[in-house]
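This report refers to the structure that appears directly beneath it.
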Amino acid sequence: MILPGGMLGVLGGGQLGLMFSLAARRMGYRTLVVDPDPDAPAFAVCDRRIVGPYSDPDVLSEVAHACQAVTTEFENVPAASLAFLEKSHVVRPSSRSVATCQDRILEKTFLRDQGFETAPFAVLLDGRLPSPDQLSPLLPGILKSSREGYDGKGQWGIRSHEELSRFLKERTGSYVLEKKLDLVGEFSVVLARGAGGETALYPVAENLHTSGILHVSAVPAGIPGPLSDRMSAVARSIALSLDYKGVLSVEFFLAEGDRLYVNELAPRPHNSGHYTIDACVASQFDQQVRVLAGLPLASTRLLSPCAMGNLLGSLWQDHLPPPLGNLLEHPSAKLYLYGKKNPRPGRKMGHFTVIAESAAEASLKAHTLLAALSPASLSQDLGEERPVP
Ligand code: ADP
Ligand code: MG
């Protein structure tokens, strides 16, 4: 067990690394953050920073020298770097788990082989076309790059065989082609699994995405108990199959007839789990610290229905944040800004959580607050006519 005062390393200094470092610091741990970007958000709060590539042997030696245990805040850290650190240190999640989750082909094949239902898919290795028999049932489909995709990046809608062959002529790389499902809803389960295999699950979150990016999450999900129990059971058994140690997130698709599909896994805390900071006994970041330090897991109990809204770069004009007055004045909303300097459209700049008597009420408040930040979407939502320019 690593006691408070110990140094915990995290590969990646984005908002997840920032929130991990804050949780660690609150519990008396010190943190070392590695990120190639000198402006990485977590650098503002960590005890020690290393600006450099994750695969640089000198960087990794420095991490090994300074830290007692190491985690990651995103799935695209090279698994080989984690494997290097694993030789001498506790690394949670393991390089093997991260390797599976960072490659859509490995991830989907793992899920299918273990008997978890996924959207029907085909693997396109090195841009090779599937046979027409394989392809037809997958159209219209979504082509997803096997590596490095996130927040809807690295995905393309494909309607026909011709479209796919045209696309592949212009590119290299490996892909997964997935059938586009008619979704009734999207959900996620975040769980923590400790060194001894003990598991703690957070309640199912209900997620609304726009353009492939999470927009609003509400908890608890407005679905019947048996359905959320099914999601929790699937998430737990995925963690078991991976022999996972750490915080794991499982995204689900729900289609007509209560058909449940596993969409993807994230070997880390999840955007849809940020509400746990404000609405649960222990947050997903507290659990990440606990698993890494070998402490017992804490309670995941939900203290209040809650919703979370993402603040994306498109709300920023000329690098200035949107007018945040409504949000700051709201008595049960909490604002989180990550301190990112470049507000590109679609970039996650911050989020807020809002608690209420029910998830539906919290979700409505989140939507109203988001609409107020973006006047164009407000007039659309209310069906008003746009002013003539
Ligand atoms: P990312 O790594 O970018 O989160 P996902 O595979 O989760 O990639 O896709 C992002 C979003 O795109 C999903 O949350 C969902 O809204 C939509 N999407 C992805 N795959 C499908 C699919 N097969 N059918 C319908 N919608 C999909
Ligand atoms: Mg996703």
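The values are calculated or read from the model by the stated rules, or taken from the named source; none is laboratory data. Note that this is a predicted model, so its numbers are computed, not measured. Cβ atoms come from the backbone with ideal geometry, glycine included; neighbour counts cover every protein chain shown. We work out accessible area using only protein heavy atoms, side chains counted, and drop any ligands, DNA or RNA first. Shrake-Rupley method; radii C 1.70, N 1.55, O 1.52, S 1.80 Å.
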Among the residues of region 164-184, which ones are touching a Gly at 6+ places or on another chain (Cβ under 9 Å) and within 14 Å of ligand 2 (Cβ to nearest atom)? Glu178
Looking at region 308-341 only, could you name the residues that are free of Cβ contacts under 8 Å to residues at least 24 places away in the same chain and either assigned to a loop (DSSP other than H, G, I, E, B) or polar (S, T, N, Q) (or both)? Gln317, Asp318, Pro331
Scope region 188-198; condition touching a helix residue (DSSP H, G or I) at 6+ places or on another chain (Cβ under 6 Å) and either away from ligand 1 (no atom under 16 Å from the Cβ) or more than 26 Å from Ser145 (Cβ to Cβ) (or both); matching residues: Leu191, Ala192, Arg193, Gly194
Residue identified as farther than 24 Å from Ala235 by Cβ and without any contact (Cβ under 8 Å) to a residue 60 or more places away in the chain among Ala99, Ala83, Ala79: Ala83
Restricted to region 117-138, and to residues that are hydrophobic (A, V, I, L, M, F, W, C) and farther than 21 Å from Glu170 by Cβ, which residue is nearest to ligand 2 (Cβ to nearest atom)? Ala119
Tabulated pairs, region 223-237, first closer than 21 Å to Pro267 by Cα, second part of a helix (DSSP H, G or I), C-beta under 6 angstrom, 6+ apart or interchain: none
Single residue of Val59, Val77 found to be of a type in the set (A, V, I, L, M, F, W, C), outside the structural domain of Ala195 (by TED's automatic domain parsing) and within 16 Å of Arg147 (Cα to Cα): Val77
Taking the criterion of being more than 25 Å from Leu18 (Cα to Cα), modelled with pLDDT of 95 or more and polar (S, T, N, Q), would at least one residue in region 339-360 satisfy it? yes
Report, by residue number, each residue of region 218-269 that is more than 26 Å from Thr353 (Cβ to Cβ), open to solvent by less than 30 Å² (accessible area, probe 1.4 Å) and not in a strand (DSSP E or B). Ile238, Leu242, Tyr244
When Gly141 is run through (1) modelled with pLDDT of 95 or more; (2) outside the structural domain of Tyr202 (by TED's automatic domain parsing); (3) within 16 Å of ligand 2 (Cβ to nearest atom), the failure sits at (3)
Can you name every one of the helices (runs of 4 or more DSSP H) wholly within region 100-187 that holds 3 or more residues which are within 14 Å of ligand 1 (Cβ to nearest atom) and open to solvent by less than 60 Å² (accessible area, probe 1.4 Å)? 104-113
Yes or no: region 306-322 includes at least one residue that is closer than 30 Å to Val204 by Cβ, assigned by TED's automatic domain parsing to the domain that holds Ala279 and open to solvent by 80 Å² or more (accessible area, probe 1.4 Å). no
Exception for Gln114 within (1) within 16 Å of ligand 2 (Cβ to nearest atom); (2) in contact with a Ser or Thr (Cβ under 6 Å, 6 or more places away or on another chain) falls at (1)
Here is a check on your reading of the model: is Ser304 under 18 Å from Gly273 (Cβ atoms), assigned to a loop (DSSP other than H, G, I, E, B) and of a type in the set (S, T, N, Q)? yes
Of residues in region 202-214 being more than 10 Å from ligand 1 (Cβ to nearest atom) and under 15 Å from the mean Cα position of the chain (by Cα), the one most open to solvent (accessible area, probe 1.4 Å): Glu206
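For every residue, the table says whether it meets (1) open to solvent by less than 10 Å² (accessible area, probe 1.4 Å); (2) among the polar types (S, T, N, Q); (3) in contact with a strand residue (DSSP E or B) (Cβ under 8 Å, 6 or more places away or on another chain).
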| residue | (1), (2), (3) |
| --- | --- |
| Arg30 | no, no, yes |
| Tyr54 | no, no, yes |
| Pro57 | no, no, no |
| Glu75 | no, no, yes |
| Ala79 | no, no, no |
| Leu85 | yes, no, yes |
Quick one: is Ala195 in the same structural domain as Thr300 (by TED's automatic domain parsing), away from ligand 2 (no atom under 16 Å from the Cβ), of a type in the set (A, V, I, L, M) and not in a strand (DSSP E or B)? yes
